[in-house]
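Asks: I'd like to ask you about the structure that follows.
Read-outs throughout are calculated quantities, based only on the coordinates presented, and are distinct from any laboratory measurement. The shown structure was predicted, so the numbers you read here are calculated from the model rather than taken from an experiment. All Cβ positions, glycine included, derive from the backbone under ideal geometry; neighbour counts span all protein chains shown.
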Amino acid sequence: MVGYDDSFDIVVVGGGPVGLSFAASLGQSELKVAVVEQQSLERLANPAFDGREIALTYASIRILRELGAWDAIPASEKSPLQGARVLNGLSPFAVCFDPPRGSEEPLGFLVPNCRIRDALFKTIRLQDHAQLICGHSVVDATNSHKGAVITLSDGRRLTARLLVAADSRLSATRNLLGIGADINRLGKAMLICRVRHERLHHQIAVEWFDHHQTIAMLPLTESVSSLLVTLPLNAADRLLAFDDDLFLTELTNRCRERLGKMSLASTRHSYPLVTTWAHKFWAPSAALIGDAAIGMHPVTAHGFNIGLSGQKQLADQILAACRERRDIADPDTLQKYESWLRRSAAPLYHATNILVGLYSGEHPAARIARHAGLRFAQYLPFVRHGISAMLRR
Ligand SMILES: Cc1cc2nc3c(=O)[nH]c(=O)nc-3n(C[C@H](O)[C@H](O)[C@H](O)COP(=O)(O)OP(=O)(O)OC[C@H]3O[C@@H](n4cnc5c(N)ncnc54)[C@H](O)[C@@H]3O)c2cc1C
């Protein structure tokens, strides 16, 4: 096209796990696809450990396997999750989530985010289908029913029949497309690091809603867990500024020695907690996927799982449009994708937010409500089995 540097059928903004999996899902098509990522190719090819251990459901594992990415993750990086316990304050009572009786299969697997990114990058490279444009961010985007024009930070201008934003929960592309979002800054941060510890975890995760803090312990290898501590922003900043010894002493005290003696087994990371829900998941010649569409609170460990199934839904509809020689950016196709994603993600998104409100409230009424809520969940097996089944779906 005259006046433009290159033209594509689809330009994906963001080479995170959802942007890469979307590009990989289109690998068998004839479509000309580009992925624009602000990080350098070197960093994309060697993603650094970022603290996140992603709890993958069986549905996500199936999608990654179909893409060829699951087998590219070393077995030693896939930690089985044999159960989960939810605790409230100092009460010894725990709600237990276990695989169904007689089942040998775990509830799911924990895999470091960097290993998922790495496997998807290798898939894209192997497919040799999508063009990676790295080291440049998208600084402008315009769209109409005819297509989209994308401007990169080096001044290059690309055209696309469909622009797909996968540039995270505070997506700049979403803003450029004029799509609003509900953005909730929760005033808290999640501190994460791996710890080596004395006591065995038996591959059981613990989510512990304590007063003024929430602690999750995710079982990795035999004596190593990922520790996630949620605190008000200023308390999290203070803790992060401590030297290693002081940091560890503070963590051990906060965990009330549940894991016994601990030593640091990784770098530390901090994530300010923000949840987002875009008002629309598409615009003329454009669509939002992954966190750019829905940014979940990490407590229910479902952001990537939802993003992965959402990108597959959009890719399947685009592939069907190609087979039937229809327009890939047809508004009906994009609306179908939006309806599907809303239907499948809204219950979990809202339930997670209610849970977060209930479990981070310090009002005595909130404490009583969460105690009652846990008893309710434990003694109504369909609640526990329903949640376990959802994880294993
Ligand atoms: C602490 C924590 C724990 C989590 N645990 C789980 C879990 O157990 N299970 C689960 O399912 N989910 C979990 N999640 C959620 C999961 O990490 C996210 O849903 C997932 O990373 C979203 O992927 P994404 O590709 O949409 O966005 P991102 O991973 O944010 O990637 C976005 C990419 O876009 C690039 N980018 C941004 N702006 C631009 C631009 N203007 N131009 C070009 N490139 C750009 C960025 O560099 C980045 O590479 C967790 C999240 C956190 C914070």
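Asks: Return the loop-located chymotrypsin sites (Phe, Trp or Tyr not before Pro) in the stretch 56-98 (DSSP other than H, G, I, E, B) with at most 15 other Cβ atoms within 10 Å of their own Cβ; answer none if there are none.
Replies: PHE93
Asks: Now for a different question. Viscosity 1.002 mPa s, temperature 20 °C: what is the translational diffusion coefficient of the stretch 107-220 from Stokes-Einstein with a Kirkwood Rh over Cα pairs, rounded to a whole number of µm²/s?
Replies: D, rounded to a whole number, is 114 µm²/s.
Asks: What is the diffusion coefficient of the stretch 47-113 in µm²/s, taking the Kirkwood radius over Cα pairs and the Stokes-Einstein relation at 25 °C with a viscosity of 0.890 mPa s?
Replies: 178 µm²/s
Asks: Taking only pairs that are 8 or more places apart or on different chains, how many Lys pairs in the chain have Cα atoms under 27 angstrom apart?
Replies: 17
Asks: Calculate how steeply helix 381-392 sits against the longest principal axis of the alpha-carbon atoms of the chain, using the helix alpha-carbon long axis, and give the answer as 0 to 90 degrees to the nearest 10.
Replies: Approximately 40 degrees, to the nearest 10.
Asks: Given a cut-off of 16 Å, what percent of all Cα-Cα pairs of the stretch 171-254 lie beyond it?
Replies: Tail of the P(r) past 16 Å holds 61 percent of the pairs.
Asks: Continuing with the same structure: Restricting things to alpha carbons, find the Rg to Rh ratio for the chain using the Kirkwood radius for Rh.
Replies: In the chain, Rg relative to Rh is 0.98.
Asks: Now for a separate question. With label points built 7 Å along Cα→Cβ from the Cα atoms of GLU250 and THR267, find their separation and express it in nm.
Replies: 1.9 nm
Asks: Starting at the first residue of the stretch 106-123, write each ³J(HN,Hα) from the Karplus equation 6.51 cos²θ - 1.76 cosθ + 1.60 with θ = phi - 60°, in whole Hz, x for Gly and Pro.
Replies: Whole-Hz 3J(HN,Hα) from phi for the stretch 106-123: x, 5, x, 10, 9, 9, x, 3, 5, 6, 5, 4, 4, 5, 5, 4, 4, 4.
Asks: What share of all Cα pairs of the stretch 201-345, in percent, falls into each consecutive 5 Å distance bin?
Replies: Histogram of Cα-Cα distances, whole percents per bin: 2, 8, 15, 15, 13, 10, 9, 8, 8, 6, 4, 2, 0.
Asks: Another question about this same structure. If N is the number of residues in the stretch 160-210, what value comes out of its Cα radius of gyration divided by 2.2 N^0.38 Å?
Replies: 1.97
Asks: Using θ = phi - 60° and the Karplus relation 6.51 cos²θ - 1.76 cosθ + 1.60, list the HN-Hα couplings for the stretch 200-207 in order, rounded to whole Hz, with x at every Gly or Pro.
Replies: For the stretch 200-207, the Karplus curve yields 7, 9, 6, 6, 9, 7, 10, 10 Hz.
Asks: Only Lys, Arg, Asp and Glu count, each charged at its Cβ (+1, +1, -1, -1), so figure out the dipole size of the chain about its Cα centre, rounded to 20 debye. Don't skip to the end; give the middle numbers.
Replies: On the way: 43 positive and 38 negative charges, 190 e Å.
My answer is approximately 920 debye.
Asks: Could you tell me the calculated FRET efficiency between ASP316 and ILE183, based on Cβ-Cβ distance and R0 = 41 angstrom, to the nearest 0.05?
Replies: 0.90
Asks: Full-extension gain between GLU30 and HIS211, please, as 0.36 nm times their residue separation minus the C-alpha to C-alpha distance.
Replies: 59.7 nm
Asks: Quick one: if you stick a label point 7 Å off each Cα along the C-beta vector at ASN234 and GLN39, how many nm between them?
Replies: 3.3 nm
Asks: Continuing with this model, one more query. Where does the longest stretch of the chain lie that holds no GluC sites (Glu not before Pro) found in a DSSP loop with 15 or fewer other Cβ atoms within 10 Å? Display every interim value, and only then the final one.
Replies: Working: sites that count: GLU30, GLU104, GLU198, GLU222, GLU257, GLU324, GLU362.
The answer is 105-197.
Asks: Give, in nm to one decimal, the length gained when the segment between ALA351 and LYS336 is fully stretched (0.36 nm per residue of separation minus the Cα-Cα distance).
Replies: Gain on stretching ALA351 to LYS336: 3.0 nm.
Asks: Go through LEU110, LEU31, LEU355 and say which Cα lies farthest out towards the positive end of the charge dipole of the chain; charges sit on Cβ, +1 for Lys and Arg, -1 for Asp and Glu.
Replies: Result: LEU355.
Asks: Continuing with the same structure: Tell me, what is the FRET efficiency for ASP71 and PHE93 to the nearest 0.05, using R0 = 51 angstrom and their Cβ-Cβ distance as r?
Replies: Calculated transfer efficiency: 0.80.
Asks: Same structure again: To the nearest whole percent, what portion of all C-alpha pairs in the stretch 1-140 is separated by more than 21 angstrom? Mind dumping the intermediate values first?
Replies: Working: 5095 of 9730 pairs.
Pairs farther apart than 21 Å: 52 percent.
Asks: Could I ask something else about it? Where Lys and Arg each count +1 and Asp and Glu each count -1, what net charge lies around THR333 among other residues with Cβ under 14 Å from its Cβ?
Replies: Within the 14 Å Cβ shell, the charges total -2.
Asks: Oh, and also: Pop out the ³J(HN,Hα) list for the stretch 209-215 in order, Karplus 6.51 cos²θ - 1.76 cosθ + 1.60 with θ = phi - 60°, rounded to Hz; leave Gly and Pro as x.
Replies: For the stretch 209-215, the Karplus-derived couplings read 8, 9, 5, 6, 7, 10, 10 Hz, x marking Gly and Pro.
Asks: Would you mind checking the stretch 170-193 for residues with the amide N under 11 Å from a putative spin-label position 7 Å along Cα→C-beta of SER137?
Replies: 171-173
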